[in-house]
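A.B. asks: I'd like to ask you about the structure that follows.
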Amino acid sequence: MIKNIPNFITCINLLFGCLGLMFLVQDQPVCAACCIWAAAVCDFFDGFAARAVKAESPMGKELDSLADVVSFGVLPAFIWFYYIIQSIQPGVSFTQIPDGLYISYIAFIMAICSAWRLAKFNIDTRQTDHFRGVPTPANALVWSAVPFISSESLFPWAQLWMNQPVFVLIFGLVMSILLVVDTPLIALKFKDWSWKSNKIKYSFLLLSVALLVSLQANGIFFVFATYLGASFLENKNKGL
């Protein structure tokens, strides 16, 4: 029974992904964003639990990827889909999508790229101490900030951008490409805990905490930008 605890947590991750989709259909994007956060917590603790009870298994690995496809692939794709529609015709719900808004279907590219990213991660032996492409949970967390920025952002310019169709389309395409691009990015895995070996990672974590405490959900975009910057510095130091 104890050995199944990690898989149970993974299934809760999947459940939150499904709930997030339901909230979007009900025009509650903020609740959908909260489901991404809850799924991310589960995604962290299922691996932690698997190591704690020594229950790591091929089935757990596959189940984790399948859950992530929904929570961190399909759900953020539908958030993008939702805001493409909102930026073109504000106030339109999923049940009232006008005919002719075919451009919104471009959002499903993100779901495809997320599935590709997860499948690649499962077989790519290079991704032991760093990632290749943006991890799907990171992309999903970025999209979880969009409902907050679109409604009551601390930055009026950001709120304005998220209501511009061209920006929403380009931003989503760029994020989709970053999922599958073969560029090394930081993985928060530590071979030792010394400052000298991990100063970029520690600096990123400290700055991220400061951004999230001061800016709440609005800070997620800045955390992501910091993550890309820290990865660039790490690659430069390692000659990657």
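A.B. asks: Just to check your reading of the model, which residue among 81, 45 is of a type in the set (Phe, Trp, Tyr), without any contact (Cβ under 8 Å) to a residue 40 or more places away in the chain and either within 22 Å of residue 112 (Cβ to Cβ) or not in a helix (DSSP H, G or I) (or both)?
C.D. replies: 81
A.B. asks: Do the conditions hold for residue 65, that is, is it more than 19 Å from the chain's Cα centre (by Cα), of a type in the set (Gly, Ala, Ser) and surrounded by fewer than 20 Cβ atoms within 10 Å (Cβ to Cβ)?
C.D. replies: no
A.B. asks: Related question: For region 1-48, give me each residue that is of a type in the set (Gly, Ala, Ser) and crowded, with 19+ Cβ neighbours inside 10 Å.
C.D. replies: 17, 20, 32, 33, 39, 40
A.B. asks: Under the condition of being modelled with pLDDT under 90 and within 18 Å of residue 226 (Cβ to Cβ), which residue from region 131-147 is surrounded by the most Cβ atoms within 10 Å (Cβ to Cβ)?
C.D. replies: If we take residues in region 131-147 being modelled with pLDDT under 90 and within 18 Å of residue 226 (Cβ to Cβ), then 133 is surrounded by the most Cβ atoms within 10 Å (Cβ to Cβ).
A.B. asks: Another question about this same structure. Taking region 148-191 only, how many residues are among the polar types (S, T, N, Q) and surrounded by fewer than 12 Cβ atoms within 10 Å (Cβ to Cβ)?
C.D. replies: Within region 148-191, residues that are among the polar types (S, T, N, Q) and surrounded by fewer than 12 Cβ atoms within 10 Å (Cβ to Cβ) number 1.
A.B. asks: Pairs only if they're at least six apart or on different chains, beta carbon under 7 angstrom, first in region 133-146 and farther than 19 Å from residue 168 by Cβ, second at pLDDT 95 or above and hydroxyl-bearing (Ser, Thr, Tyr); list them, first residue then second.
C.D. replies: 136/114
A.B. asks: I would also like to ask the following. Sort out which residues of region 88-99 are surrounded by fewer than 10 Cβ atoms within 10 Å (Cβ to Cβ) and modelled with pLDDT of 75 or more, and write them in order of number.
C.D. replies: Matches in region 88-99: 90, 91, 99.
A.B. asks: Looking only at region 84-102, which residues are assigned to a helix (DSSP H, G or I), free of Cβ contacts under 8 Å to residues at least 60 places away in the same chain and touching a Leu at 6+ places or on another chain (Cβ under 8 Å)?
C.D. replies: Of everything in region 84-102, just one residue is assigned to a helix (DSSP H, G or I), free of Cβ contacts under 8 Å to residues at least 60 places away in the same chain and touching a Leu at 6+ places or on another chain (Cβ under 8 Å), namely 85.
A.B. asks: Does region 215-240 hold any residues that are assigned to a helix (DSSP H, G or I) and touching a His at 6+ places or on another chain (Cβ under 9 Å), and which are they?
C.D. replies: Scanning region 215-240 gives 231, 234, 235, 238.
Residue by residue, here is whether (1) among the acidic types (Asp, Glu); (2) within 16 Å of the chain's Cα centre (by Cα); (3) modelled with pLDDT under 85; (4) not assigned by TED's automatic domain parsing to the domain that holds residue 85 holds:
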| position | (1), (2), (3), (4) |
| --- | --- |
| 157 | no, no, yes, no |
| 173 | no, yes, no, no |
| 195 | no, no, yes, yes |
| 206 | no, no, no, yes |
| 209 | no, no, no, yes |
| 220 | no, yes, no, yes |
| 224 | no, yes, no, yes |
| 236 | no, no, yes, yes |
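A.B. asks: Would you please name the residue that is farthest from residue 172 (Cα to Cα), looking only at residues in region 62-82 that are of a type in the set (A, V, I, L, M) and in contact with a helix residue (DSSP H, G or I) (Cβ under 6 Å, 6 or more places away or on another chain)?
C.D. replies: Here the answer is 63.
The values are calculated or read from the model by the stated rules, or taken from the named source; none is laboratory data. Since we're looking at a predicted model, the values are computed, not measured. Positions of Cβ are generated from backbone atoms using ideal geometry, with glycine treated the same way; all protein chains shown enter the neighbour counts.
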